[in-house]
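Student: First the structure, then my questions, so here it is.
The values are calculated or read from the model by the stated rules, or taken from the named source; none is laboratory data. The structure displayed is predicted, hence computed values, not measured ones. FYI the Cβ positions are ideal-geometry reconstructions off the backbone, even for glycines, and counts take in every protein chain you see.
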Amino acid sequence: MLSKFEDEDDEVVADPDKPKEKPAESPVESALKQEKNEPEVKVVGPTIPPGKVLVDNKVMESLLKENEARA
Amino acid sequence: MAKKLKEAKEGKIKYVPPPPVKVSAPTITRDGKIGIKFNQPLQVPDFIKKGQSGRLLAEGGIPLSEINVQRDIIEFIFIQKSGLDDKIEYSLDLDHWTEEGMGVKINFKNPLLISKGKNNDAMVSVIKNKNLFVSKESGEPISSKHSTFANPVPRQVPHSTSIEVVDE
């Protein structure tokens with residue numbers, strides 16, 4: 001038999017004094033995290049080497065649309 | 001796939017759909033190769049398949065060397081945490097693309113500047129076009145939740161140095 005303190009409908013109340021657990025850090029958050037006493041991180045994008053032939057944006061767009069329609 | 005669905009409709013088997021599409025965090029080698037793995041076979045886009053088999057644009061194929069990885073496939077963002085005065089420059093090449101995964105080569109202009117400080121530099125990768133990462137079985141594309149991943153970039157070996165020799 002349940003005592004008056006163990007009613008099955010009772011909600012479990014978190015201990016207000018207990019510090020909340022931090023959610024796990026994602027790899028992206030960890031990559032972007034700035035280490036203590038370190039200067040700011042710098043974000044660098046890639047470049048396209050001069051003379052490199054790349055497919056035209058419009059041609060690519062139409063191929064991507066074709067691909068989407070096929071999927 | 002069609003056979004499985006048909007059998008499931010007829011009640012012969014219980015069809016269990018595949019899990020959501022995920023790309024596992026890539027490994028980056030000391031010579032700048034990123035190996036991206038899929039958690040299940042994905043459809044290889046037609047223009048990639050044709051390009052890899054040597055067919056030209058007129059035949060609907062694009063050679064991998066002409067793909068603008070950053071603009072059309074995956075956005076790569078290099079996070080420089082070490083040697084902040086050094087100017088890092090790099091370009092990207094799509095190396096291969098199969099149902100199981102894909103390979104991208106990072107060509108660092110000066111590989112010796114990478115992760116040279118106390119903290120390793122990192123690479124954040126964001127899939128730009130989710131419709132290029134579609135499950136072969138379910139036809140479902142990768143979700144936004146699983147489209148971003150990050151990895152530390154190890155120290156790099158100089159150009160034309162074999163990593164096998166360095167790692168020995």
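Student: Could we say that B:V126 is under 23 Å from B:D46 (Cα atoms) and at the interface with another protein chain (Cβ under 10 Å from one of its Cβ atoms) here?
Tutor: yes
Student: Among the listed residues B:N68, B:N107, B:N119, which satisfies the condition of being surrounded by fewer than 19 Cβ atoms within 10 Å (Cβ to Cβ) and free of Cβ contacts under 8 Å to residues at least 12 places away in the same chain?
Tutor: Only one candidate qualifies: B:N68.
Student: What are the residues in segment A:24-71 that are more than 9 Å from every other protein chain (Cβ to nearest Cβ) and at pLDDT below 70, if any?
Tutor: Result: A:K36, A:N37.
Student: Looking at B:L92 and the list (1) without any contact (Cβ under 8 Å) to a residue 24 or more places away in the chain; (2) surrounded by fewer than 16 Cβ atoms within 10 Å (Cβ to Cβ), which single condition is not satisfied?
Tutor: (2)
Student: Please determine whether any residue of segment B:18-25 is surrounded by fewer than 19 Cβ atoms within 10 Å (Cβ to Cβ), under 18 Å from B:S115 (Cβ atoms), in contact with a helix residue (DSSP H, G or I) (Cβ under 9 Å, 6 or more places away or on another chain) and modelled with pLDDT of 90 or more.
Tutor: no
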